Each structure stands twice: as C-alpha cells, then as structure tokens.
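The values are calculated or read from the model by the stated rules, or taken from the named source; none is laboratory data. In this text, all values refer to a predicted model and were calculated from it rather than measured experimentally. Heads up, the Cβs are rebuilt from the backbone with ideal geometry, glycines too, and the neighbour counts pull from every protein chain shown. In case anyone asks, the SASA skips ligands and DNA or RNA and just uses the protein heavy atoms, side chains included. Shrake-Rupley method; radii C 1.70, N 1.55, O 1.52, S 1.80 Å.
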Amino acid sequence: SGLSPTRRAALPRAATPPAPLVRLRGGASPLQGLQNAYFGVPVFTRSWLSAIVAFAALNQIGLVPPEMLGLDATATVKRMQIWRPLTAASFLGGLGPQLLQKCYYLVQFGCQLERALGIAEFARVLASCAALLCIVCSTLGMQFIGDGLIMAITVLTCNQSPDQQVNMYGLNIPCAYLPFAQLCMSYLFTQQIPWTDILGALVGYVNYMINDNCKPDSVIYKRDNYAAKATSAKAKGAKTLGGSSSSSKKGGGGGKG
C-alpha cells in the first residue's frame, strides 16, 4: 500500500487464461462450470435429481436402508408414512454406473419435458404417472418406481418430436423408438427383464394418449384445425377433406356476381 502509483503499475500482473481455455473449462473454474450446469437444469427436475443423488449417497454410507424408502401400503396408510411414494420415486440404488446412466436420462428428458410443458403441468404429469406406478407396483410387490418414472418421462418427451433422429451407440433411430431401444439395451447389459421400465413405458403411453396437454402443439393444432374444417365442410354439404368444395370448383356456388 506504500508503493507509489508508478511502481505499483510496474509490478507483474496475474496471467489471465485465454478465452478459449475458459470456455473449454466451462467458466472461470471447473467448480463454476459445474454450478452453472446444475442451476441450468429446470427447478423441478433439479430437485428430483438432488433427491436421487442424496438418497444414493445416504444408502451408500449405510445411514438409510432401502426398507425405509420403498413402497409399503400398510406403513403409508396406517402409520402415516406418507413420504414413501416420494422416496420410492427418488431411490435408484447406491452410487454406481447405473445411477449415472439413469441420472443422465433424467436430466436429458426431464429438462426437455419440463421446458415444453412448464413446471406446473410437468409436476401434475409426474404426479399422475407416479400415482399410477405406485398402485401397479404395490399390487405386484415392487418397492421402487424411480426407474419406471424416468422411463415414463422418456416416453412423453420422445412423443413431443417422434420423427426426430437420435443417435444411440452409433445408430440413428427415430425418437419414437428410443424407449424400445433403451429397454433392449437394458436387458442386454443386465441380462434381466426390466419390468419396472416396461411398466413405466406403458404408464407414459397411457398418460400421453389420455392427456392432450402432453401432446406437442402441432398435433393439437392439426387435430383441431382438421375438425374445424370437417365441421365447416359438413355444414356446407361439401364432400372434401380440407380443400375447396366441388361446387366452388364448378362455379355454381360463387359469392360474387
């Protein structure tokens, strides 16, 4: 602080990293890049992801056994453990490669669907899928629904743009067939039938078919536009599918002169 301004200016300054290196690192530091990526995830998906990682870590160190997190109709109803459907949807096992894969699917498809539907509609769709999965899995004796719920979200997201091409292990497939490819790959990797994922896919398709809010705007617009044209054509007595009537083509129904 006692240096003159001239001598202070002559001191060497800390080197600034080149701009391409800063962009490659994801920001000013790796921690900053990780923080930006985390907070870039929509709030509902981010909360669900945080719960999955937290329960996996607590189970890994032995603080929370799976029995405390799974579905239990008796404990939920009689002992008022109403958190069990939430924990059953947020527990995917301990830390490992399978957890990372499921978290990747959650972030990839959950972000897209939440941004497409909005947080309120996304939460409602997630709650309805989770409720249906809880009923089915409790009946079948399954304790956890997290895998199935992520698969349901995957199905709903893929149906937003079914014709879009996606790359999976070097193969380009339509987005509509991605859930089936994931089921096949899951069976090949684990040599076990992914029953929970299959149930989740069925729940996702059922929710998509009965819920218009889950459909892309283009599908709803085409359906409503076609229905309006058909109603208008029927009222005019025309036999056409969205085109001009036969009478106008022949000039018999002109409105001018």
Figure the gain on full extension for residue 83 and residue 108 (residue separation times 0.36 nm, minus the Cα-Cα span) and round it to one decimal in nm. 6.4 nm
In region 68-163, what percent of the accessible surface is made up of carbon and sulfur (1.4 Å probe, ligands and nucleic acids excluded)? 66 percent
Could you give each residue of region 149-166 its phi-based ³J(HN,Hα) in whole Hz, using Karplus coefficients 6.51, -1.76, 1.60 with θ = phi - 60°, and x for Gly or Pro? 5, 5, 5, 4, 5, 4, 4, 5, 5, 5, 7, 6, 9, x, 8, 5, 7, 10
Cα atoms only: what Rg and Dmax, in Å, come out for region 51-158? 13.9, 39
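If R₀ is 30 angstrom, what is the calculated FRET efficiency for the pair residue 131 and residue 195, using the beta carbon separation as r and rounding to 0.05? Please list the in-between numbers first.
Working: r = 19 Å, r/R0 = 0.62.
The computed FRET efficiency comes out at 0.95.
So if each residue of separation counts as 0.36 nm, and I subtract the Cα-Cα distance between residue 205 and residue 177, what length gain in nm does that give? Numbers along the way, then the final one.
Values: separation 28, 0.36 × 28 = 10.08 nm, distance 1.24 nm.
Extra length from residue 205 to residue 177 when fully extended: 8.8 nm.
For region 116-173, what mean projected area does the convex hull of the alpha carbons give, in nm²?
Values: hull surface 20.5 nm².
Mean projected area for region 116-173: 5.1 nm², to one decimal.
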Regression test value, accessible area per residue of region 126-193, probe 1.4 Å, units Å², expected 51 Å²
